[in-house]
Amino acid sequence: MTTKPEESERATISVTDLSKHNTKSDCWIAVHSKVWDITDFINEHPGGPSVLLKCAGSNATKIFDEYHAPDILEELPDEKFIGILEDATPDVPAAAPQPEGVNGTLSAPAETSKHSFADEDTIPPLESIIGAPDLEVVASKALTPKTWAFYSSAATDLITHRNNKQLTRRIMIRPRILRNVSHIDMKTNILGFESSAPFFISPAAMAKLVHPDGELALSRGAANEGIIQCISSNASYTLKSIVSQTTHF
């Protein structure tokens with residue numbers, strides 16, 4: 001039985017050597033000084049192969065950190081870890097040749113889009129949020145255009161998205177007046193699981209687009225308040241990392 005080699009035993013990869021592996025059939029990237037062979041993973045990437053190919057043969061740390069947790073790459077087979085990048089600059093990805101075009105030539109390099117998380121100055125105090133529509137308005141102003149487009153969009157012709165909104169608007173709650181609401185209990189049961197409130201955190205993908213802690217923050221909040229959390233299969237962090245933030249497992 002062989003043991004996993006230590007990082008010190010791995011080869012040192014120069015930026016020049018890294019840049020040579022920049023095609024779909026031979027694709028390496030560097031993340032946090034570690035060089036990985038992601039050739040076999042390109043077509044499985046949830047965001048599509050083109051996203052990875054733009055970073056092929058380069059230091060992709062900066063753009064990687066916008067969407068993923070560092071430990072996600074550790075789930076790749078050990079043989080995909082090539083070595084340590086020499087003179088790596090973790091915060092700024094190295095300029096890399098782009099994937100080959102149809103005629104075999106390299107396409108012009110594309111600029112990496114800048115990304116910033118929600119500006120706290122644009123987010124009002126939580127107690128000032130009265131209803132869900134208020135949250136939507138705040139999000140549209142606080143999130144980056146790319147993040148807002150992702151979370152406010154829907155698939156194809158948006159029919160299901162529109163129908164869902166129309167259906168929930170048809171549900172009316174009979175108002176009760178002059179009720180004693182000094183002590184209330186919102187506990188309920190959702191699909192056999194107890195919840196402290198009649199709602200849950202839905203499995204929206206890539207929560208790190210909104211906050212650096214992503215699903216980790218959602219998990220902590222859900223655990224502290226007794227709310228059910230559904231974790232997306234396309235989460236920014238690994239399932240193990242997310243579950244570790246709770247007190248239920």
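Sparsely packed loop sites in segment 117-206 (the trypsin sites (Lys or Arg not before Pro) outside DSSP H, G, I, E and B with at most 14 other Cβ atoms within 10 Å) comprise 176, 179, 187. Working note: Debye formula, equal point scatterers on the alpha-carbon atoms of segment 7-85, no solvent; log10 I(q)/I(0) at q = 0.15, 0.21 Å⁻¹ is -0.45, -0.93. Legend: residue pairs 80/240; 34/54; 20/208, Cα-Cα distance threshold 25 Å; pairs beyond threshold, 20/208. Placing a pseudo-label 7 Å from each Cα along the Cα-to-Cβ vector at residue 153 and residue 41 gives an inter-label distance of 2.3 nm. Set against the 2.2 N^0.38 Å expectation for a compact globular protein, segment 187-249 has a Cα radius of gyration ratio of 1.07.
With a simple spin-label model that places each label point 7 Å from the Cα along the Cα-to-Cβ direction, the separation between residue 164 and residue 51 comes to 1.9 nm.
With each label modelled as a point 7 angstrom along the Cα→C-beta vector, the residue 177-residue 230 pair spans 3.8 nm.
Computed from the C-beta positions of residue 188 and residue 130 and an R0 of 35 Å, the FRET efficiency is 0.95 to the nearest 0.05.
For residue 211 and residue 146, what does the FRET efficiency come to when R0 = 22 Å and r is the distance between their Cβ atoms, rounded to the nearest 0.05? So the FRET efficiency works out to roughly 0.90.
Remark: the Cα gyration tensor places segment 115-171 in the oblate category, a/c being 1.5 or greater and a/b not exceeding b/c. Could you tell me which of rounded, prolate or oblate describes segment 144-184, using a ≥ b ≥ c as the square roots of the eigenvalues of the alpha-carbon gyration tensor, with rounded for a/c under 1.5 and, failing that, prolate when a/b is larger than b/c and oblate otherwise? It is oblate, given that a/c is not under 1.5 and a/b is not larger than b/c.
Each value in this text was obtained by applying a stated rule to the coordinates, not by laboratory testing. Small disclaimer: the values here were computed from a predicted structure and weren't measured. Glycine also receives a Cβ, built like all others from the backbone with ideal geometry; neighbour counts cover every protein chain displayed.
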